Amino acid sequence: MLRLVELQLQSRQSLLFGRLAAEHSSTATVATVSSRFRARRARPVAPLHSHFQVVPVRTMSYPPRKGPLYDNLTVLGPDGAVLFRCGRKKFDWYLTHGLATQVDESTIALNFAPKGPGRAGQEWYLEDRQDQCVVCGTKQHLVLVHIVPSQYRRFMPLRVKSRSNIDLQPFCTTCHAEYDTACGLAKKTVAAHYGIPVEGGPWLKRPDWTRARKAASALLSAKIRSKLPTVRMAELVDHVSTVINDPVLMVDDADDHAPVDNLPFTHAQLMAVANLPDAERGDGFVEHGEGVIAAIMAERERRARMMPSPAPSPLPPVAEDEMDVDFEDDGGQEEDYMRDRRAMLPSVPPEHDPLVAFVRMWRMHFLAKARPQFLSPAYDVNADIMNP
Ligand SMILES: [Zn+2]
C-alpha cells in the first residue's frame with residue numbers, strides 16, 4: 001500500500017516538474033507534508049488548465065533600482081590570479097582594513113593567502129555582470145529578481161540563500177511583470193502538487209465579516225442610503241456594529257473621520273469594514289512557501305537517513321567572497337549564516353536532493369518562460385545551490 005502511494009506521489013512530482021520545466025525530468029519524490037494538508041493531498045489533482053483559469057493571477061511590480069546593479073570589481077590573490085568578483089562595499093572593506101592593495105580603479109590584490117581557491121574555474125562568478133535586462137537587453141528600469149520566488153526562498157536554509165548570485169537575475173520592470181505572471185501560474189501548479197494552496201491554510205470563514213463588509217459597502221453609497229427603508233438601514237447598521245471594534249480593522253489617522261450622515265460610524269470606519277476579507281487565518285496556519293519548503297526539507301531528511309552516513313569531515317574553509325552575499329530580504333544575517341553553516345544540513349547527493357530539484361526546476365522555468373536572450377553562456381542550471 002505504501003509503495004503504491006509512493007508511486008502515485010512520484011508520478012505526480014514528475015508531472016509537476018514536467019509541466020514547469022519542460023524537458024527537465026526528475027525522479028525526486030514528494031515529501032511528507034504536515035497532517036493539516038493530508039486530506040487535501042488525498043484528492044486527485046485537477047487538470048492543470050483548471051488551476052490556471054480559476055483564480056486571476058496577481059502580478060507584482062517593484063520600483064527599479066537606482067544606480068548600477070553590478071559594480072564588477074575584481075579581487076586577486078597575492079599571486080595575481082583572479083579570486084572572485086565583488087561589490088563596492090566589500091572592495092572598500094578590504095582596502096580600509098589594510099587587507100588588500102589597489103591594483104587599479106576596479107581591482108585589488110589581497111595581501112594574504114586566502115583560505116580557498118575562491119571562485120577559480122567557476123566562470124559565472126568571475127565574469128562581468130551586465131546592467132541590462134536578461135530577457136530583452138534594455139538597460140533601463142532594472143530590478144534584480146529571485147529566480148526561486150521569495151515566497152519559497154525565505155524559508156530555505158541560509159546556506160542555499162547565500163548562494164543567490166546565479167539565482168538573482170536582472171529584469172526590466174516590463175519583462176518582470178510578464179515573467180511574474182508565469183511564476184504565478186507555476187506556483188498554482190506547485191500548490192496543487194503539494195496540496196498546499198497558494199494562499200496558505202487553513203482559513204477560518206468569518207460570515208460576520210462578510211455580512212458587515214456588504215453592509216458597509218451599501219452604507220457608503222449616498223444613493224443607496226437615500227432609498228433604504230428604516231428597518232433595513234437599522235439591520236445594516238447592526239451588521240457593521242458587530243465588527244466595528246474588531247482589532248483587525250485598520251483605521252488610519254489620516255483617513256476621513258467625518259461621520260456619514262447621521263450614522264454612528266465615520267467614513268474611515270465604514271471604509272475599513274468595507275475592506276474586510278471573508279476569512280481569517282485558522283489555528284496552525286501555514287503559508288504556502290513555508291509548507292512546501294517544510295515538506296521538501298522533511299523529505300530531504302528522510303533521504304539523508306537512508307543514505308550510508310559519510311565519515312565526518314571538517315567543513316571546508318569559507319571562501320573569501322562567501323560573505324559577500326545577497327541577504328536583501330533577510331536583513332544581512334551574517335552571524336546566522338555562520339550558525340546555519342555549522343549546523344550542517346544532512347548530506348544528500350545532489351541527484352537525490354529534493355531541494356536541489358526544486359531550485360533547478362525554477363531555473364528551468366526561468367529559461368523556458370522568460371526565454372532570456374541576454375543570459376551569460378556561463379549560466380548553468382546544474383550549478384550548486386548551496387555554499388559549502
Ligand atoms: Zn526586459
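Read-outs throughout are calculated quantities, based only on the coordinates presented, and are distinct from any laboratory measurement. Since the structure is predicted, the reported quantities are computational estimates derived from the model, not experimental observations. So basically every Cβ, Gly included, is an ideal-geometry build from the backbone, and we count neighbours across all protein chains shown.
How much of the calculated P(r) for segment 71-128 lies past 13 Å, in percent of all Cα pairs? The calculated P(r) of segment 71-128 puts 54 percent of pairs beyond 13 Å.
For the Cα trace of segment 207-277, dividing Rg by the Kirkwood Rh returns an Rg/Rh value of 0.94. Approximating the spin labels as points 7 Å out from Cα along Cα→Cβ, the Asp238-to-Gln102 distance works out to 7.8 nm.
Between Lys205 and Thr181, the distance separating the two model label sites (each 7 Å from Cα on the Cα→Cβ line) works out to 3.3 nm. For segment 146-239, rounded, prolate or oblate, judged on the Cα gyration tensor with a ≥ b ≥ c (square roots of eigenvalues), a/c < 1.5 rounded, else prolate if a/b > b/c? In terms of gyration-tensor shape, prolate. A Förster radius of 35 Å, combined with the Cβ-Cβ distance separating Thr266 from Asp71, puts the computed FRET efficiency at roughly 0.10. Straight Cα distances below 19 angstrom link Lys66 to the lysines Lys89, Lys139, with same-chain residues fewer than 8 positions distant left out.
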